[in-house]
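Note sheet for the following structure.
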Amino acid sequence: MYDKGTLLLKRSDIESLMTWEDYINGMETAFGMIAEGRSFGSGMLHADAEESEFHIKSGGLHLSRPYLAIKSNGSCYTNMSRFGLPNMMGTIMLFDAENAFPLAILDSIDITRKRTGATTAVAATYLARQNSKTVLICGCGNQGRIQLTALKEVISPETVYAWSRNPETGEDFVEEMETFAEEMSSALSLDVRPAPDLKSVARGSDIIVTCTPSRKTYLYADWIRPGTFISAIGADSPDKQENDPQLLAKGKVIVDLPEQCARVGELHHALEAGLMTVDDIAGTLGEVITGQVKGRISDEETIIFDATGTAIQDAAGAALCYEKAAEKGVGQFVDLNS
């Protein structure tokens, strides 16, 4: 493929090529490979600008060839209101890790959102109770929609609750909850309801997903009943926080990457509060997938999956998308060296 140059893939190209099955299988494979030492180059850099924050992540996998991806995502949560632009934008650069050839440049947003949702689906498969029927989604934005869509691929929830908070006023965002409930009920043929009383709904939920940009705890340890599975994905920088550090200290913590969670995840806050040490982590998702660590042992375990996101996930998604695009003739090749 080198003679054709670098493949450019737009978001619409990626959406047309990738299925939920692709993402879920890809994430399960990627995390298993991390645990087996078949990944490389994992790293993360966080940078703040005047109104934006940027995550630059790198990671690679030995798939059909050695792939390495470098992703740069920028977030500005006032973009839509100020400029009419998406609040998050970015790119993934995919390289042949053997010779550093830039194989592809891809829009990062669809891959980032769906690999994140797929990772929760994989984690729920291994860590949630088998009879889980009630789901609570904390965060009614695009990622909340993605999370629920991905979960439905692996479980059959009877009732879903949606909760959101207005970041500007700090008050519950009732209108956004109602819109989310109406749209997702229709889109997924599920019973989705607003959750104006977060405390009571949390106490009755089997699976809770926290996917907001919150910088302050809103989900507390004494609200959670034994056996709950929590996928904590919102905290991906040091100042973000959604879950009570006591919740992690009292529960069983599974992480995506230990070192990264210790710096920027929910684990970071539990460590900072002196409630846990790194040795208190039960294991990684990859170790659970490969059987190196036991996942759920009993229906009474409260399990928190602390997911900060890794470019190894991006590499898995981007590599599969690149291979499918090249096979189907999707996208545009450019010669960056000309």
- Item | Scope segment 1-20; condition of a type in the set (Asp, Glu) and without any contact (Cβ under 8 Å) to a residue 60 or more places away in the chain; matching residues | Asp3
- Kindly list, by first and then second residue, each pair from a residue in segment 70-97 that is assigned by TED's automatic domain parsing to the domain that holds Ser39 to a residue that is of a type in the set (Lys, Arg) and part of a strand (DSSP E or B), limited to pairs with Cβ atoms under 7 Å and residues at least 6 apart or on different chains. Lys71/Lys57; Gly90/Lys71; Ile92/Lys71
- Answer yes or no as to whether Arg225 is at pLDDT 95 or above and basic (Lys, Arg). yes
- Out of (1) buried (at least 18 other Cβ atoms within 10 Å of the Cβ); (2) basic (Lys, Arg); (3) closer than 23 Å to Trp20 by Cβ, what's the single condition that is false for Lys133? (1)
- Query: If Ala325 satisfies every condition in (1) farther than 22 Å from His46 by Cα; (2) outside the structural domain of Thr6 (by TED's automatic domain parsing) but one, which is the exception?
  - Reply: (2)
- Message: Residues that are of a type in the set (Val, Ile, Thr): list the helices (runs of 4 or more DSSP H) wholly contained in segment 50-152 that include at least 1 such residues.
- Response: 109-127, 142-152
- Those residues that are outside any strand (DSSP E or B) and in contact (Cβ under 8 Å) with a residue 12 or more places away in the chain, I need them from segment 31-48; list them, please. Phe31, Gly32, Met33, Ile34, Ala35, Glu36, Arg38
- When only residues in segment 156-186 that are at pLDDT 95 or above and among the β-branched types (Val, Ile, Thr) count, which is nearest to the chain's Cα centre (by Cα)? Val160
- Taking segment 251-304, which residues are surrounded by fewer than 17 Cβ atoms within 10 Å (Cβ to Cβ) and either among the charged types (D, E, K, R) or assigned by TED's automatic domain parsing to the domain that holds Phe54 (or both)? Glu259, Arg263, Glu272, Asp279, Asp280, Lys294, Asp299, Glu300
- Before we move on, is Ser185 within 23 Å of Ala150 (Cα to Cα) and in a helix (DSSP H, G or I)? yes
- Could we say that Asn142 is in the same structural domain as Glu287 (by TED's automatic domain parsing), in contact (Cβ under 8 Å) with a residue 12 or more places away in the chain and surrounded by fewer than 21 Cβ atoms within 10 Å (Cβ to Cβ) here? yes
- Do we have Tyr161 as of a type in the set (Phe, Trp, Tyr) and part of a strand (DSSP E or B) here? yes
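The values are calculated or read from the model by the stated rules, or taken from the named source; none is laboratory data. Just so it is clear, the model here is predicted, and its values are computed rather than measured. Backbone-built Cβ (ideal geometry, glycine too); neighbour counts: all protein chains shown.
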